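Undergrad: Take a look at this one; I'll ask things after.
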Amino acid sequence: MARVYNFSAGPSTLPVKVLKRAAEELVEYGTAGQSVMEMSHRSAPFEAIIGECESLLRSLMGIPDGYKVLFLQGGASTQFASIPMNLMGENGSADYFVTGEFATRAAKEAAKYGKVNVVASSKDDNFTRIPDVDAVKLDPGASYVHICENNTIYGTRFTKLPNTGNVPLVSDMSSCILSEPVDVSKYGLIYAGAQKNMAPAGLTVVIIKEELLGKALPFTPTMLNYEVQAKNDSMYNTPSTYPIYVCKLVLEWLRDDIGGLKAMSEINKRKAQKLYDYLDESSMFSSPVNKADRSIMNVPFVTGNEDLDKKFVKEADAAGFVNLKGHRSVGGMRASIYNAMPEEGIAALVAFMKDFESKNK
Ligand code: PMP
């Protein structure tokens, strides 16, 4: 069977070149005489892999000196707890933008460890928009400000960052990391579950300003303490070795085949535009999201008729366009079009949607 176009929100499609390379090296990696899966994380070849992974990430994202890169586990969801435990300080407080399901979860988890101020929420609009960041009043005394930069379920994204002054900005970039260049120096902490734009599931990347280390609450579990992880180069215990290796291959693909994050963002914008242009002209499908806040990674769309949505998802699946069913809280469909979704995949999907529309008028 041929490969399908996989629009899953995560884990999601990986570049074919990366999969082939991983397959070639699966049984014997280089001259190591063993698979990366079998390798000690303290061995020289694995030390080289994790070191290369970090330096590729640093150069692609332009991560300045003074920031640590951590390769952790537990998914972005574990970070919902790690962040307040490490950054809130005793009796501290933090400002949260509530713009979707994961931002809601992050705020709820943080409230166990300190005071959470929900400074803005788009819940009343079913999270179809991002609040105007300039109209939001932030607390200058907060330990940090948390945003979910791209909302995977609702298909919205921040196109402008809140001005947090001296308060560190913490961003969940799970579903947008590496999709376009970002100015890392504007953030105190960036985190991402890797299973969308970076690697298979099992790896969580944290990029943290060094000056934020060393402030963990006393009860912080050792494994969740950023300072411990930083001091041990993410090897306090066994890291997720194979996803780190695949992450390295993905970063090499981004550098060598795509040409870096600026080139990647141009491709991503073209892909998203092609889909949104069709959604805007179609008389069957439409986007429920406020135009100015549309994500370039996750594109929800609806017909307004549940039976027709179901028929579409079923027929699309049979035609090789898989995982298009929308999240239960939005309904309809969602196409997640991360970095590794090729432009041909979008062109083929739009052609399929046009055909479906003409046959189901
Ligand atoms: N944040 C965002 C934006 C996500 O999309 C997800 C997962 N889809 C999470 C957090 C939770 O990530 P994980 O499954 O890695 O815990």
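The values are calculated or read from the model by the stated rules, or taken from the named source; none is laboratory data. Just so we're clear, the structure is a prediction, and the values are computed from it rather than from any experiment. Please note that ligands, DNA and RNA were not included when accessible areas were found on the heavy atoms of the full protein model with its side chains. Shrake-Rupley method; radii C 1.70, N 1.55, O 1.52, S 1.80 Å.
Undergrad: Round to a whole number: what % of the accessible area of the chain belongs to carbon and sulfur, probe 1.4 Å?
TA: So the carbon and sulfur contribution to the accessible surface is 49 percent.
Undergrad: Next question. In Å², what does the accessible area per residue of segment 287-336 work out to with a 1.4 Å probe?
TA: Roughly 47 Å² per residue, with all protein chains present.
Undergrad: What shape does the chain have by the C-alpha gyration tensor, where a ≥ b ≥ c are the square roots of the eigenvalues, rounded means a/c under 1.5, and otherwise prolate means a/b greater than b/c and oblate the rest?
TA: Here the chain falls in the oblate category.
Undergrad: Once whole DSSP H runs in the chain are found, which of them have Cα atoms spread over 20 Å or more along the helix axis and a mean Kyte-Doolittle score of at least -1.0?
TA: The qualifying helices are 44-61, 343-359.
Undergrad: Still on this structure, please answer the following. How high is the relative contact order of segment 17-257? Use alpha-carbon pairs under 8 Å, at least six apart in sequence, and give a whole percent.
TA: The value is 26 percent.
Undergrad: Another one. By how many nm would the segment from residue 108 to residue 41 grow when fully extended, if each residue of separation counts as 0.36 nm and the alpha-carbon distance is taken off?
TA: Additional length available on full extension: 20.6 nm.
Undergrad: Follow-up question, since we're still on this one. Per residue, what accessible area does segment 17-257 have, given a 1.4 Å probe and all protein chains present, in Å²?
TA: 41
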